[in-house]
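See below for the structure under consideration.
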Amino acid sequence: MNINKLKFKLQKNKAFKLVMLSILVGIITGLLASLFFLSLEWAKAIIFDGVLGLELTSPPGDHIISEENLHHIKTSLYDQIFSSLPQTLLIILVPGIGCGIAGYIVRRYAPEASYDGTSALVDTFHNKRAKMKISTAIVKGIASIMTLASGGSGGKEGPVAQMGAGFGCYVADKLSLSVKERRSLFLAGCAGGLGAIFRAPLGAAITAVEVLYREDFESESIMPCVIASVTSYSTFMLTFGSHTIFNLGEVESFEGFFHIPSYILLALICSVIGAIYVKFYQATKDFFIKLTIPTWMKPVIGGMLTGVLALMMPYALGDGWGAIQDVMDGKLALGFIALAVIIKIIATSLTIGSGGSAGIFGPSLFIGAMTGGCLGTFLHMQFPDNPMIPSITAFVMVGMAAFFAGVANAPIASIIMVCEITGTYNLLAPLLLTSAFSMLFTSKVSIFKPQVLNKFESPAHKGDMTVNILQEIQVGDALDLSQKTKTVEATTMLGELSEIVQSTEQHIFPVVNKGTLIGIANLDKIRTVMFNQDTYSMLIVADIMEKSVVLKSNMTLYEALGKFLNDGHLELCVVNDENQVINVLRYQDLIEAYHKSVNLHNSEEEDPIHATL
């Protein structure tokens, strides 16, 4: 089947079309996520174990390379080649080199893929008609593997989501879909990438539609996002299995009022640290943007400084998610956990803020988990065996959701995502509570700068807002009643019509027979014969009239706009139920009615009290 036949068949049933294309995008994204994940884990094994000689732990769900292979890599590379170099020097240089090469590739081939992937997705959706080059998605994936594998601090979710969104856009463009449909497939690809890499199909779908706004979500795209996310997750499962990323074991249930004070305290602390994290990240990014050195050197500096931090805290490198499992298992001391929070904030800001290519979602979950683990460990040390203090595992899990909900303005997505990556809904109630309080405490904070408040402030929905206003105004309310419409009888001679034309500014003249509209005389189309005096006494209006497109007074201006655009006239007849002419609606009347309504709406927003009086 060629591409034209496919376009025709899909166009006949839009709902079926969107479902099928969402499945296609999900399969493609699942394969991309699998390839990305496999490539990244092997690259990390080679660099971390083979070059740096480090054995950083990974969460259970990310164990895809056997201990035997890791040992072989270390003995073949580090022990035989790189052990002769100072390990301290390697830990500083390797992240700088990796981030520098990744930064050069991005700036050379896809400058729009710089910094964190999620912010780029949000900006592309709102301001670039969800249009992304396929090369951007590919370059983002390659650069992010280099950044993360070499030790840059960031997450793998942003690049995978950006790759999925890029291929969703590619499918839409190949099939010549509308902008609205492209936006849906763009978000579907984003959801597919997140669903696969996090093994969280529902959380990924909600994240894709919620992270765009601070107080809204893209409801029209939920269905394609869910379909693509589940399909991508299923594709990913074929290779890596269906296990969750973290292994919690037995998790206590919520104890009601006894645990509420602890969780509210956690929400407050997460909000404070979240605000510090956002401000420090933005300040670091601004600093590197203004820094007057060659652009390619900036991520080199950011990567090397991240390496310096790794000398104090190894989890500064990569996503550091192995530490989350260690905290849940009670393997880390309080001071180490507290230091991890500070180091990760600085390391992530340096890596991504300097122009490195990685995601910011993963580090946010890490910082939230460490914050929760720090508070839980401290409270258990101060109040051992106190029934009002939840377990450390509960603090870690709830901290992840509370922190990300605050810094990303995505409370529902963070709750579901954390439940899915940990494999339990036992703590759903405290997750809801802390996310709500975290949002309350950090309502004006967002790690994703391109986020807008709601659909009314999104350039992507300006057309929708226009349609909504036109749907609220009826044709009868937009008529200029001060202008009387002249009609002409069908038997009127052409010479008489020419005299009538000189006394009015009308472009069309309704042609009536015994008061009933039967057509129109359009000046633009009869100009050549109307001013030919040889035809004055030979033709009547009925000979030159054309079919009339009519409006009713109770129609909306949105319906009228469609008729104006399809008919091509600047004036349309408005008739009653007996098909008698009431008046003529000019296109200019429609525009004036729209502007009047917009101005009224704006004045009500500026002075709501006065507007209601």
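General remarks:
- Filter result (within 32 Å of the chain's Cα centre (by Cα), modelled with pLDDT of 85 or more and among the acidic types (Asp, Glu)) within region 557-613: Glu559
- Single residue of Ala413, Ala402 found to be touching a Cys at 6+ places or on another chain (Cβ under 6 Å) and under 27 Å from Gly192 (Cβ atoms): Ala402
- Scanning region 65-87 for residues that are buried (at least 16 other Cβ atoms within 10 Å of the Cβ) and either under 24 Å from Gln162 (Cα atoms) or in contact with a Leu (Cβ under 9 Å, 6 or more places away or on another chain) (or both) returns Tyr78, Phe82.
- Residue ID - modelled with the lowest pLDDT, chosen from residues in region 1-19 that are assigned to a helix (DSSP H, G or I) and over 16 Å from Ser176 (Cβ atoms): Ala15
- Options Ile301, Ile260, Ile269, Ile345; residue that is in contact (Cβ under 8 Å) with a residue 60 or more places away in the chain, touching a Ser or Thr at 6+ places or on another chain (Cβ under 7 Å), surrounded by 14 or more Cβ atoms within 10 Å (Cβ to Cβ) and closer than 22 Å to Met439 by Cα: Ile269
- With respect to the conditions (1) over 29 Å from Thr239 (Cβ atoms); (2) out of contact with any Phe, Trp or Tyr (no Cβ under 9 Å at 6 or more places or on another chain); (3) buried (at least 20 other Cβ atoms within 10 Å of the Cβ), Leu90 lacks only one, and its number is (2).
- Scanning region 78-129 for residues that are part of a helix (DSSP H, G or I) and without any contact (Cβ under 8 Å) to a residue 24 or more places away in the chain gives Ser84, Leu89, Arg108, Pro111.
- Test: residue in region 511-530 that is part of a strand (DSSP E or B), modelled with pLDDT of 80 or more and of a type in the set (Ser, Thr, Tyr): yes
- Residue in region 356-368 that is over 16 Å from Gly152 (Cα atoms), surrounded by 24 or more Cβ atoms within 10 Å (Cβ to Cβ) and within 21 Å of the chain's Cα centre (by Cα) present: yes
- Selection count where residues are assigned to a helix (DSSP H, G or I) and at pLDDT below 65, scope region 531-540: 0
- Here Thr118 fulfils each of the conditions (1) surrounded by fewer than 20 Cβ atoms within 10 Å (Cβ to Cβ); (2) touching a strand residue (DSSP E or B) at 6+ places or on another chain (Cβ under 9 Å) apart from (1).
- Test result for Asp385, at negative phi, acidic (Asp, Glu) and without any contact (Cβ under 8 Å) to a residue 40 or more places away in the chain: no
- Matching residues in region 141-158 - criterion: being modelled with pLDDT of 90 or more and either more than 26 Å from Leu350 (Cβ to Cβ) or part of a helix (DSSP H, G or I) (or both): Gly141, Ile142, Ala143, Ser144, Ile145, Met146, Thr147, Leu148, Ala149
- Qualifying residues in region 214-248 (those that are among the small types (Gly, Ala, Ser) and touching a helix residue (DSSP H, G or I) at 6+ places or on another chain (Cβ under 8 Å)) - the one surrounded by the fewest Cβ atoms within 10 Å (Cβ to Cβ): Ser219
- Candidates in region 182-213 are the residues that are among the basic types (Lys, Arg) and on the phi < 0 side of the Ramachandran plot; of these, the one that is surrounded by the fewest Cβ atoms within 10 Å (Cβ to Cβ) is Arg182.
The values are calculated or read from the model by the stated rules, or taken from the named source; none is laboratory data. Since this is a predicted model, take the numbers as computed values, not measurements. We place every Cβ from the backbone using ideal geometry, glycine too, and count neighbours over all the protein chains shown.
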